[in-house]
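For reference, the structure discussed in these notes is given below.
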Amino acid sequence: MTSPSLDDLGRLPRGFRHGYLTYDELSAQLRAWADAFPEVARLDSMGKSAEGRELWVLTLGPRPDLKRPSLLVDGNMHAQEFCGSSVALGIAEDVLRLHLGDDEALAHVPKAVRARAREVLVYVAPRLSPDGAERVLSTGAYVRSNPRDRRHHGARPRWVPRDLDGDGLALLMRKQDPAGEFVESEELPGLLVPRGLADEGPFYKVYPEGVIEPFDGRTVPPAGLFSDNDTDLNRNFPYAWAPEPAQAGAGAFPTSEPEARAVVEFASARPEIFAWLNLHTYGGVFIRPLGDGPDHQMAAFDREVYRELAAWGDAIVGYPTVSGHDEFLYEPGKPLRGDLGDYAYHHRGCVTLVCELWSIFRQIDLARATPFIEHYRRLGREHFVALHAWDREQNLQRAFRPWVPVRHPQLGDVEVGGIDPRVGLVNPPPERLHELCGKLAHFALCLASLAPAFAVARRALTPLGGGLSRLDVTVENRGFLPTYVLESAQKLAFNGPLWAEATPAGGCELAEPGTGRLEIGHLGGWGQRDPFLSSPFFLRSSASTTSKTVSFLLRGEGSLTLRVGGPRVGFVEETLSIRLRG
């Protein structure tokens, strides 16, 4: 059997860098990689969605069962945001290139970063909401996470998406109404813009393309962000979870959704996951912790780590990095509850970043708003017009559709169409995917290169006479991060210290019973630089905490199995020959 090659890798892409894949196409892509490169790629499932689709996770790296520092990349938790799947697959493909030695394709990534990232195991879960993504891809109907609604609505009316004009899509519907909040643009007939005091009409109400169930002949319900299904996956995680109405979309209880539960079980079984990249759309921004408090409440070293990542995010991807609490709250003073980013940072002790892919605001030269969340809710008429022009000139008119008159079975004369946000607004045009995949893969490799890198640096056997000897074992951390990863993570119960275990055999034994397992403790990383001591005015190394030596007292000759490691960095094992004479 010939070894897999770069030519094999080049033949396998199913178009994810140039379009958006259905569930079957995505599954075929993952299987193709796992089948072609079994030495460095393994396909597993975290669990199943409510409709029975596998929640795929691709493990990348040799010896996948060897516990070692790991990066987890996930995407498409929200149904419309399938760009996250494409970018996650782009990251996976470049990690495969890394392991296949494609230095030419990855020449833009520093050699030292490539070398370090090659030692890190990478998990890629490209589609956490396969049921919702499939519904959006096939019908265009808005789905926040998953297309299921188990609420007891009783007599309360609600919108149910339905294709009314036979084009296979369920987009928007407008109806003239003197109390409508929207009016047609004077420059571009058909383009709805927010109504102003000077406008004369006609005015429109805008609803989902669909029907009202049940309909009492009078009541037209609103259609909010979470009204389509009962649970937003990104409000269903355990950290700081709160039920409705305190948190919209929370679900019945933490991890009530099989998708959220599968992610939590997967991560909990792998304490060595030290970094987590959570891919969403849209906005063109990295969102970092804290999500539930201001920066002065963040541990000092954690802030330094995110300062480093922010510089990379700007240089590599061109996205700013903002605090979830200070710049990304929907309501000031009301943190989101139960979101994955906070769970990964607070519960799993991970260097966590949420990336809102696709900077649509830059396409229309929108000035940087502070806080960043204002980009989403302060678009004026001129921005609507600019988006329409951009869609016409740069997006093949995919987003803004003509209004088509239809006779609604409940509301009478309406028009359907308007906006299809899937391609161009919420997700980038397919023509822009390749560039985005490359930038995020570069960033992901840099993120992986932060990993703690512990190693047994020296082993020294010293004869002591009388058949005794002392084995000195020096363990070092050569990575950027300490072996506990983040300062804030030290308190977590699973974040135990490193230890060394000696198991002698064949005539060699411990001179003192019960001393075969010695605690090393945690080791610092070189990234823990004192900012003041790093300045040219007083250039000094901080106190060294990156290495430690432990000693075993032995009697006799034979062999010894040495196992060294800890829950966050994994373990290494070797067998040593114990001889008192050369």
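The values are calculated or read from the model by the stated rules, or taken from the named source; none is laboratory data. Since the structure is predicted, the reported quantities are computational estimates derived from the model, not experimental observations. Here the Cβ is made from the backbone with ideal geometry for all residues, glycine too, and neighbour counts use every protein chain on show. All accessible areas refer to the heavy atoms of the entire protein, side chains included, with ligands and DNA or RNA removed. Shrake-Rupley method; radii C 1.70, N 1.55, O 1.52, S 1.80 Å.
Numerical summary
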read-out	value
Residue count, the stretch 421-474 (criterion: among the hydroxyl-bearing types (Ser, Thr, Tyr) and under 19 Å from residue 498 (Cβ atoms))	1
Strands (runs of 3 or more DSSP E) within the stretch 1-114 that include 1 or more residues open to solvent by 30 Å² or more (accessible area, probe 1.4 Å)	41-48, 54-60
Filter result for residue 569 (open to solvent by less than 80 Å² (accessible area, probe 1.4 Å), within 30 Å of the chain's Cα centre (by Cα) and among the β-branched types (Val, Ile, Thr))	yes
Residues (farther than 13 Å from residue 384 by Cβ, open to solvent by less than 30 Å² (accessible area, probe 1.4 Å) and in contact (Cβ under 8 Å) with a residue 40 or more places away in the chain) located in the stretch 168-210	169, 170, 171, 173, 174, 209, 210
Test result for residue 517, open to solvent by 60 Å² or more (accessible area, probe 1.4 Å), without any contact (Cβ under 8 Å) to a residue 60 or more places away in the chain and among the charged types (D, E, K, R)	yes
From 431, 435, 415, residue being without any contact (Cβ under 8 Å) to a residue 40 or more places away in the chain, closer than 30 Å to residue 389 by Cβ and open to solvent by 30 Å² or more (accessible area, probe 1.4 Å)	435
The listed residue being assigned to a strand (DSSP E or B), aliphatic (A, V, I, L, M), over 15 Å from residue 403 (Cβ atoms) and open to solvent by less than 10 Å² (accessible area, probe 1.4 Å), out of 136, 122	122
Out of 353, 340, 336, sole residue that is touching a residue at least 60 places away in the same chain (Cβ under 8 Å), under 22 Å from residue 109 (Cα atoms) and out of contact with any His (no Cβ under 7 Å at 6 or more places or on another chain)	353
